Structures are given as C-alpha cells and as structure tokens.
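The next block holds one structure in the form of structure tokens; read it before the comments.
The values are calculated or read from the model by the stated rules, or taken from the named source; none is laboratory data. Treat the numbers as computed from the prediction; the structure is a model and nothing was measured. Cβ atoms come from the backbone with ideal geometry, glycine included; neighbour counts cover every protein chain shown.
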Amino acid sequence: MTRNKMLTFGLAAGLAALAGTCLIAKEKQCSADKSKEPAAAEKAKEPATRTQVETSVTTNGTMVTERRRETTTTTDTDGNVVATCTSESLQTYPVGETATAGVVASPTANAEPVNTDTFLGLKFGDVFKVGKKEIVHDEDEPSLVRAKFKPAKPLAGFDDYFVYLTPKTHKVAMVLACAKKAIEPTDGNWRRHYLVEALEKRYRTWARRLSWTHPYYRFDVAPGRRVTACLAGASDDYEAIITAWDADVTRLADEERSAIAAEARKAAEKNRDKRMQDALDAF
C-alpha cells in the first residue's frame, strides 16, 4: 500500500528506464548565482530549451502500434547541456479504429505552468491537522506517519485515501488513493488506461511504464516531485494505488525522525543516570 511496496513492481524495467530520468544539474547553485546579477543579465543567461519529437506507426495487418518519443534538452548560454528528459509512450489498437487522443502540448511548449503543488486537494508542505488517535505508524515508511482523509472530489472506484506526514510538524509529504478492486479496464487491453491518460493531461507529461508485467507507471511532474500509478496487483490490501509525493518534504521527515530519535536517546540516558544514582544512594 506504500511507496516502498509499489516500487518493487517496476525494479527491472526501472533500471532500463534510467536513461529517461530527468537530470537536473545543480539547480540551487544556479539560482543562487543568478540572484546576484541584474535582471537584464539574468534574462540573458536563461537556459535554452529544445524539444524533439519522434513518432512511428507500424502494423502487422490486424493491429496498429503507435510509438512516440519526446526528448527535451536544456542548454546554458555556452551550449553546455544542463538537463535532459526523455518520455516515451506506446498504444496499440485494431486496424480500422482510431487511436486515443494524445495529451495536450508538452510542458515546455505551454506558457502556463502546471500546478504540481497539490494532489487530491492536499498541498505538499502544508500542515495537516490530525489528532493523535488518528495517526498510524507505518513500518514500511518509518520516517512518516499516516492518517486517513476524504478528498472533496473522490475518484470513482477508489475506497481509501491516505496522507503521509512528517512525524513532528505533520506536513504533507505523500498522498495515496487506494482501490480494493482493480479499476476497469485493466491495462492488459490494447488501449492506455483512462487514468493514465487523465494523469498525462493533468501534468502535461507522458507516462513512463516501469514494469512489463504490471500496469505500473511513473510521471515526473516536477523536479523532486513524482506521481506513480499501479493499476493492478499493487499490494496485499489494494489492487490499485496512485501515489504522489514530494522529495523535499520527505527529506524533512527524515530529519525530524532523526531529531526525535536523538531526543529519545537523551531522555533514556538521563533516566538511566537517575536510576543509577538512586541505586547508588540505596547501597
């Protein structure tokens, strides 16, 4: 039901898909350097982005297969490549039928930024108000605590919704939508699942398949922010799970967990010293 369990389905294919992972080169350092320069100089040093799209259509007489590969490359003013991202999609359908509609324009081609701050109505980094009795400690996510919630607009076919929080400040780090039964149609058919297409349109990016044996997909929606969708056989408890998480808030959770552990060790040592002193006085 958690991110760790879901990632096991795409291990083999995920290694093959590493070539398509976005590589962001020292973003914080670049941002810091730019902030020291005048606005005009900053604009002159903005990186250039180019997108190349390759498509192919093949048929075996009864089925048509369409493939699409989009490569986005960002270069600095000296022509050095600072980031590259490759996305691929594939769909197959019988001869005589038409393909499903493609996603809207690539994020690089659309002036309007995509809102990746929220998922199912919850904003990453916001404090989620929850009582102590509602918090669950998940052994598969030791740095996070879990709570149930109900979105304002639930997904059809999904039963439970979970939010994973930082252990001390209760900031939103991860959001899950879970279905006890597979959401039909499953991805064994010849078209992409409608949920995959909906996520592609939502984030204006192509899905990356992480497993050839399970309908398991990843969406790189922003640097440090991802969405995954496993639509069948996701866990022991749920057939389908859609997960969105933020890397920065997850790192904050690790820091908070370490701080809590350090405080617990300090309190335990203090308690031990007191008990030892009491024993010494008694002797």
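The test for being closer than 19 Å to VAL249 by Cα and without any contact (Cβ under 8 Å) to a residue 12 or more places away in the chain holds for VAL136. Restricting segment 208-248 to residues that are of a type in the set (A, V, I, L, M, F, W, C) and more than 24 Å from ASP159 (Cα to Cα), the residue that is farthest from the chain's Cα centre (by Cα) is TRP212. Among the residues of segment 113-129, those that are modelled with pLDDT of 85 or more and surrounded by fewer than 17 Cβ atoms within 10 Å (Cβ to Cβ) comprise ASN115, ASP117, THR118, GLY121, LYS123, GLY125, ASP126, VAL127, LYS129. Taken over segment 219-250, residues that are in contact with a Gly (Cβ under 9 Å, 6 or more places away or on another chain), closer than 18 Å to ALA182 by Cα and either charged (D, E, K, R) or in contact (Cβ under 8 Å) with a residue 60 or more places away in the chain (or both) amount to 4.
The one condition from (1) among the small types (Gly, Ala, Ser); (2) in a loop (DSSP other than H, G, I, E, B); (3) at pLDDT below 70 that SER89 does not meet is (2).
When segment 192-249 is filtered for residues that are in contact with a Lys or Arg (Cβ under 9 Å, 6 or more places away or on another chain), closer than 28 Å to LYS171 by Cβ and of a type in the set (Lys, Arg), the ones remaining, listed by number, are ARG208, ARG218, ARG226.
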